[in-house]
1. Placing +1 at every Lys and Arg Cβ and -1 at every Asp and Glu Cβ, with all other atoms neutral, what dipole size does the chain have around its Cα centre, in debye to the nearest 20?
2. Along the Cα-to-Cβ line of D88, 7 Å from the Cα, sits a label point; which residues in the stretch 39-67 have backbone N less than 16 Å from it?
3. What FRET efficiency would be calculated for the residue pair A64, K7, taking the C-beta separation as r and a Förster radius of 35 Å, to the nearest 0.05?
4. Between the stretch 62-94 and the stretch 3-60, what is the separation of their alpha carbon centroids in Å?
5. Using helices alone, what [θ] at 222 nm do you get for the chain, with -39,500 (n - 2.57) per DSSP H run of 4 or more residues, divided over all residues and rounded to the nearest 500?
6. Could you compute the longest span of the chain free of trypsin sites (Lys or Arg not before Pro) located in DSSP loops and having at most 15 other Cβ atoms within 10 Å, not counting the site residues?
7. Positive end of the charge dipole of the stretch 2-101 (Lys, Arg +1 and Asp, Glu -1 on Cβ, about the Cα centre): tell me which of S84, A45, F27 has its Cα farthest that way.
8. Give me the Kirkwood hydrodynamic radius of the chain, using the inverse of the mean 1/r over all pairs of distinct Cα atoms, in Å to one decimal.
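The numbers here are math on the coordinates, done by the rules we state, and not lab data. These numbers come from a predicted model, not from an experiment. Glycine gets a Cβ as well: all are built from the backbone with ideal geometry, and neighbour counts include every protein chain shown.
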Amino acid sequence: MISKFTKPSDFEEYDTNKDRIVTKPEFVRAMYKRYLRNPDDIESALKTFDTDNSGYLNKEELTAAMKKMCMDHSSENIQKIITSVSKDDQIDYKDFVKAAMKL
Ligand SMILES: [Ca+2]
């Protein structure tokens, strides 16, 4: 549990289930969400998650990425994300930006 914050609004942003406790997954998610607001960082994140360097994220790579970010990486949720941003089951840079904006 992390108890020191620079301003109260940070706490509210991190505490996504509003139980007044910021758990490690909540903190990790918040950090990634902040990180993914910058287009340059989105690009470097995509490169990090694209483990076979194909330029696209497939289902397995996206699942691993979501797991790393402490986000819902159930196969239903992964499929939902892919269907909502991509037409061909592959996530390219543009699709990944769209997906990151929804996190
Ligand atoms: Ca890939």
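1. On the way: 18 positive and 19 negative charges, 86 e Å.
Around 420 debye, computed over the chain.
2. Those under the cut-off are 54-59.
3. Details: r = 33 Å, r/R0 = 0.95.
Once the sixth-power term is evaluated, E becomes 0.60.
4. Taking the Cα centre of the stretch 3-60 as reference, the centre of the stretch 62-94 is 14 Å away.
5. Details: 6 runs with 61 residues, N = 103.
Result for the chain: -17500 deg cm²/dmol, rounded to the nearest 500.
6. On the way: sites that count: K4, K18, R20, R37, K87.
With trypsin sites (Lys or Arg not before Pro) excluded where exposed in loops, the chain gives 38-86 as its longest stretch.
7. Towards the positive end, the residue furthest out is F27.
8. Values: mean 1/r = 0.0694 Å⁻¹.
Kirkwood radius, the chain: 14.4 Å.
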